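What follows is calculated from the coordinates using simple rules that are stated; it is not laboratory data. Quick caveat, the model's predicted, so the values are computed rather than measured. Here Cβ is always computed from backbone atoms with ideal geometry, including for glycine, and neighbour counts include all displayed protein chains.
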Amino acid sequence: MLIGKLISLGPVIPADFPALFRWGNDVDSARVNEVYRPSDWNSHQEWWSNIGKDPSKVVFAIRKQGSNNIIGYVQIMNISGIHQSAHLTVRIGEASDRGHGYGREATCLAIEYCWNHLNIGRIGLTVFKTHERALKVYSSLGFETEGLLRRAFFIDGQWVDVVLMSMLHPSRVNRRQTEAYGNPSDAAAPPSRTEGFHKATAGRESNAGCGIAAPDSAIRLPTLIGRARRTTLGSRRGTKTSYARPPDRSTPPESAAISAAGGRLQ
């Protein structure tokens, strides 16, 4: 279980199925989440009962601290160990629970889980352009806009554009990416939102205001690799041969989505 100040993330249990069924058939919520299609109880129950069998998905129930009632859910989908990427969706079910910071903290806990437990280097999500509150929250947490899918969905009688967003783990960008996107050490280049996110949260208590920092091993890794390269270079110049080995970086990598477009925060 992942514990925050306001909420916790834990497993979905059968007692949560009625609330999930009600939210899935909520026409008003569908306007900022998906194309509305009524679902039947049997298929709904089967889907939620089988989510743990798919290794490409992780689903958490969102609960207020001190309560056993579900108020929403987090889905981490399309998990790829090869590409170290995943897609994130967050939903708060009841309108009365929105606007209190529950979705924001759930997103923070999900980001931390992706970084530290799934070894993810890139988290992507999609948001309806009309969902301004979600866009503002994701942007403030460090997600950057990558593009726009124009007229991607037909919702409640009108076409809706979908915004593509993502966040990259700052210590897991390889050399080719650095060369392609520019030198991050260039003082003239402004820091990205992701870099600013981690700098602003460095040293804070974990999960406090989304204070998520990279693991110590990830921070030390570039320094150790640099030492190994300098040692090898010295041996080529005729100095005494010595060998330094970087630390072992092998970390085991850790729906159909209910939300057709995904990533909408309510």
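With 10 Å bins beginning at zero, the pair-distance distribution over Cα atoms of the range 1-112 amounts to 13, 45, 36, 6, 0 %.
Mean projected area of the convex hull spanned by the Cα atoms of the range 127-166, taken over all viewing directions: 2.6 nm². Shown in residue order for the range 84-90 are the 3J(HN,Hα) couplings computed by the Karplus curve 6.51 cos²θ - 1.76 cosθ + 1.60 at θ = phi - 60°: 6, 9, 7, 10, 10, 9, 9 Hz (x for Gly and Pro). For the pair A95 and N116, a Förster radius of 45 Å applied to the C-beta separation gives a FRET efficiency near 0.90, rounded to the nearest 0.05.
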